[in-house]
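The values are calculated or read from the model by the stated rules, or taken from the named source; none is laboratory data. Since we're looking at a predicted model, the values are computed, not measured. As a convention, Cβ positions derive from the backbone with ideal geometry for all residues, glycine included, and neighbour counts pool all protein chains shown. Keep in mind that these areas ignore ligands, DNA and RNA; they rest on the heavy atoms of the full protein, side chains included. Shrake-Rupley method; radii C 1.70, N 1.55, O 1.52, S 1.80 Å.
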Amino acid sequence: ADATSSPQAATNISVFSALQLPAPSILLRNMNAEKSMAGVVSAGGIQSPFFILSVASYSDTFAGMLQWEPRMPHDLAKLFPAYGESPGGQITSIVATTTATTTPKSATKIATTTLPIPAPILGFIDAAIATHDIRAYRDAAGRDILVYGYWNQTTLIIARDTAAFTEILGRLATSRAQ
């Protein structure tokens, strides 16, 4: 068997590496792959993906997350798409109609063009969930597209929205108490 199929080698691969997500190297270097996980959580009747990442350095990984913010929504768009996004990647479309008459006796011609409308994005903002500071990427309607924050100095959470983040916080607190 080759090294990539052995259980030992598999535990050394981070969640992001396995999913081929282009996270900054400072984040990847500080991740403890054996204690990190990805999954799907149900919150508010909606299932969404999440990451719980064990990290060696809060300050280094937070710096890496801030560095990644300009590309993160694009890099994670398959997992955390903008609301209303179609499989083709366009949010919605409008139909533009133009009417033109060339001479009084000629027929009126109508041309119709469908134009994509990009997602209205507000961007990353600072927020708090249950006394935990987070960064939330929100659209213009104020809906979370993705949020990230720390449960503690060594546990980074990336989730779809505040409901999913809150659910994960509750589960982490419950597992810690047991």
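Any residue that is modelled with pLDDT of 85 or more and open to solvent by less than 80 Å² (accessible area, probe 1.4 Å) - is there at least one of those in segment 87-108? No. Just wondering, is there one or more residues in segment 64-77 that are at pLDDT below 90, closer than 19 Å to Tyr137 by Cα and open to solvent by 20 Å² or more (accessible area, probe 1.4 Å)? For segment 64-77, residues at pLDDT below 90, closer than 19 Å to Tyr137 by Cα and open to solvent by 20 Å² or more (accessible area, probe 1.4 Å): absent. Of everything in segment 21-48 that is under 20 Å from Ala82 (Cα atoms) and not aliphatic (A, V, I, L, M), the residue that is surrounded by the fewest Cβ atoms within 10 Å (Cβ to Cβ) is Gly45.
Contact annotation: residue pairs with Cβ atoms under 6 Å, 6 or more positions apart or on different chains, pairing a residue in segment 123-141 that is over 16 Å from Leu156 (Cβ atoms) and open to solvent by 40 Å² or more (accessible area, probe 1.4 Å) with a partner that is of a type outside the set (A, V, I, L, M, F, W, C) and part of a strand (DSSP E or B), are Arg138/Asp144. Of all residues in segment 142-165, which are within 24 Å of Gly84 (Cα to Cα), surrounded by fewer than 21 Cβ atoms within 10 Å (Cβ to Cβ) and of a type in the set (A, V, I, L, M, F, W, C)? Scanning segment 142-165 gives a single hit, Ala163.
Within segment 1-54, the set of residues being modelled with pLDDT of 85 or more and of a type in the set (Val, Ile, Thr) comprises Ile26, Val40, Val41, Ile46, Ile52.
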